[in-house]
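The values are calculated or read from the model by the stated rules, or taken from the named source; none is laboratory data. Values in this document were obtained by computation on a predicted structure and should not be read as measured data. All Cβ positions, glycine included, derive from the backbone under ideal geometry; neighbour counts span all protein chains shown.
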Amino acid sequence: MTEQPIFAAIDLGSTKVCAVVGQVLEEDMFEIVGIGTASTHHGIRNGTIVDVQQTVAAIRKAVDIAGRKASHPLTRVVVGFAGGEIEGQDQRVMIALKDREVLESDIARILQEARTMMGCSSSELLHTIPKGYRIDEQGGILNPVGMVGARLEAQVHVIRGSDMVLANLKRSVERAGLEVRDGDLVLQPLASARAVLTEDDKELGVCVVDIGGGTTGMVLFQNGALSGVRVVPLGGAAMTKDLAAVLRISQADAERIKREVFSTPGHAEPPLPEGEEIGTLSAEELTAAGRRVQVREVVEARLEEILRKVKTDLDRLRQGSFLARGVVLTGGVARMPNITSFAEKIFEMPVSVGHPGDRVQGLVDQTSGPEYASAVGLLYFARDQWVPSDVPVREAGPPSDSEPVASESPRKERDGPPAGVRLWNWLREII
Ligand SMILES: Nc1ncnc2c1ncn2[C@@H]1O[C@H](COP(=O)(O)OP(=O)(O)OP(=O)(O)O)[C@@H](O)[C@H]1O
Ligand SMILES: [Mg+2]
């Protein structure tokens with residue numbers, strides 16, 4: 001048996017906590033050897049922790065499932081989140097070269113200078129991303145190391161969060177027995193983009209929109225570099241709440257109706273996160289409730305509102321420039337059938353759904369859905385950021401799929417054949 005470096009990440013979503021464990025196969029591929037999801041039970045709202053105990057319990061469950069599958073306990077993790085006030089700003093930094101070669105240490109100096117100019121403390125800092133460099137009169141340089149000139153200028157995008165929000169995130173992960181170091185907190189939409197985009201997409205212009213349960217994250221790339229990031233504190237949970245209010249039923253039941261109505265015929269639904277509530281109404285009661293309104297209209301009205309908000313931000317950021325690769329949707333809401341044609345009308349450009357499945361092997365069935373884009377993308381951040389000598393190792397072997405995994409049991413209950421089939425047929429009649 002050989003020992004292989006192993007990377008682990010936790011995606012703290014508003015609906016589910018997802019722990020994922022992967023090994024690098026080749027330059028841009030991961031083998032997923034463990035994955036576990038657990039319902040956040042409202043411990044995270046709009047991407048922000050509102051109940052530490054619930055969050056810690058969900059992290060523990062997800063980590064336990066993923067660790068058992070990987071036959072490897074998780075220790076250090078990269079953590080993805082999308083909550084609180086996120087602020088991104090461009091900083092312009094210039095250093096004198098005096099006709100010498102640009103060194104790696106110059107880049108480090110530039111990034112440090114950008115952080116200082118933004119005036120943010122290490123506890124608020126999330127990302128310092130170079131957008132492009134200029135040496136003397138030549139602009140559009142993506143990597144200046146090794147080039148010579150008199151003056152090096154850089155445009156750097158600095159993203160910071162609220163130090164209170166970040167401190168609580170770190171604390172919750174640490175209370176679940178894991179280690180998260182400075183620089184290991186990652187903004188979710190950046191991770192989603194990492195999982196589904198190619199360098200070509202970024203060069204030609206593309207916007208990734210991750211519509212999750214409580215947040216919608218947007219990342220824009222133009223000419224191979226990041227142009228901007230936004231997070232809107234709205235997602236699929238708002239659609240469920242609307243439905244629950246209109247139908248006068250619980251949110252768990254509204255979620256059930258929503259997923260039934262917006263399932264893709266012939267496609268398997270993803271397993272429910274461990275511990276997700278499944279509602280109390282019988283199929284007959286749900287159908288009776290569903291008949292009262294057009295479920296589609298309620299859900300799509302909220303979807304339209306979210307997409308219009310994103311479009312306003314996107315138009316402001318791209319300033320009329322053309323995005324040849326259009327918009328790529330990820331997140332659980334991207335599972336809605338026809339979401340691409342719906343979104344194309346709003347964005348007035350091509351829209352597709354991004355699946356992280358092309359970049360992974362191993363437990364592919366469980367990680368290829370658009371809601372796993374951010375979790376898979378986080379593994380790339382771990383690979384790029386962790387110093388090789390610090391990366392945990394695992395004895396290579398096949399992923400353990402033989403263990404019974406708790407997350408699979410609620411699904412059976414929810415999908416109980418007679419009720420599920422009846423409900424589906426009745427709902428199809430009313431939509
Ligand atoms: N078929 C479907 N149709 C409509 N919505 C769906 C479907 N499947 C899942 N969703 C919605 O996707 C949302 C969950 O998405 P996801 O797992 O990406 O969220 P999250 O990562 O937990 O949250 P966030 O990223 O906002 O913090 C839920 O609101 C769920 O109702
Ligand atoms: Mg998410």
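For Asp384, the stated conditions hold: it is of a type in the set (Asp, Glu) and either modelled with pLDDT of 80 or more or over 13 Å from Ala195 (Cβ atoms) (or both). For segment 19-51: of the residues being within 14 Å of ligand 2 (Cβ to nearest atom) and assigned to a loop (DSSP other than H, G, I, E, B), which is surrounded by the fewest Cβ atoms within 10 Å (Cβ to Cβ)? Among those that are within 14 Å of ligand 2 (Cβ to nearest atom) and assigned to a loop (DSSP other than H, G, I, E, B), it is Asn46.
The listed residues are Tyr372, Tyr380, and the only one of them that is away from ligand 1 (no atom under 12 Å from the Cβ), crowded, with 21+ Cβ neighbours inside 10 Å and among the aromatic types (Phe, Trp, Tyr) turns out to be Tyr380. I'm trying to understand the selection: among the residues of segment 32-48, which are closer than 18 Å to Ala191 by Cβ and not hydroxyl-bearing (Ser, Thr, Tyr)? Hits for segment 32-48 are Ile32, Gly34, Ile35, Gly36, Ile44, Asn46, Gly47.
Residue selection: Val405 satisfies the criterion of being away from ligand 1 (no atom under 13 Å from the Cβ), β-branched (Val, Ile, Thr), within 17 Å of Ala62 (Cβ to Cβ) and modelled with pLDDT under 80.
Scan segment 137-167 for residues that are among the acidic types (Asp, Glu) and at pLDDT below 95 and the total you get is 2.
Each row is one residue, and each column tells you yes or no for (1) within 16 Å of ligand 2 (Cβ to nearest atom); (2) among the aromatic types (Phe, Trp, Tyr); (3) within 20 Å of the chain's Cα centre (by Cα); (4) not assigned by TED's automatic domain parsing to the domain that holds Leu12.
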| site | (1), (2), (3), (4) |
| --- | --- |
| Val219 | yes, no, yes, no |
| Gly224 | no, no, no, no |
| Leu247 | no, no, no, yes |
| His267 | no, no, no, yes |
| Gly275 | no, no, no, yes |
| Ser282 | no, no, no, yes |
| Thr287 | no, no, no, yes |
| Val299 | no, no, no, yes |
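Taking the criterion of being crowded, with 24+ Cβ neighbours inside 10 Å and either within 14 Å of ligand 2 (Cβ to nearest atom) or hydroxyl-bearing (Ser, Thr, Tyr) (or both), the residues of segment 202-217 that qualify are Val208, Val209, Asp210, Ile211, Gly212, Gly213, Thr215, Thr216, Gly217. Restricting Arg92, Arg76, Arg109, Arg100 to residues that are farther than 30 Å from Gln138 by Cα and among the charged types (D, E, K, R) narrows the list to Arg76. Within segment 66-81, the residues that satisfy the criterion of being more than 20 Å from the chain's Cα centre (by Cα) and either part of a helix (DSSP H, G or I) or surrounded by fewer than 22 Cβ atoms within 10 Å (Cβ to Cβ) (or both) are Gly67, Arg68, Lys69, Ala70, Ser71, Pro73, Thr75. Residue count for segment 299-308, restricted to those that are surrounded by fewer than 19 Cβ atoms within 10 Å (Cβ to Cβ) and closer than 14 Å to Met239 by Cβ: 4.
Residues of segment 225-281 that are closer than 30 Å to Ala154 by Cβ and in contact with a Ser or Thr (Cβ under 8 Å, 6 or more places away or on another chain): Val231, Val232.
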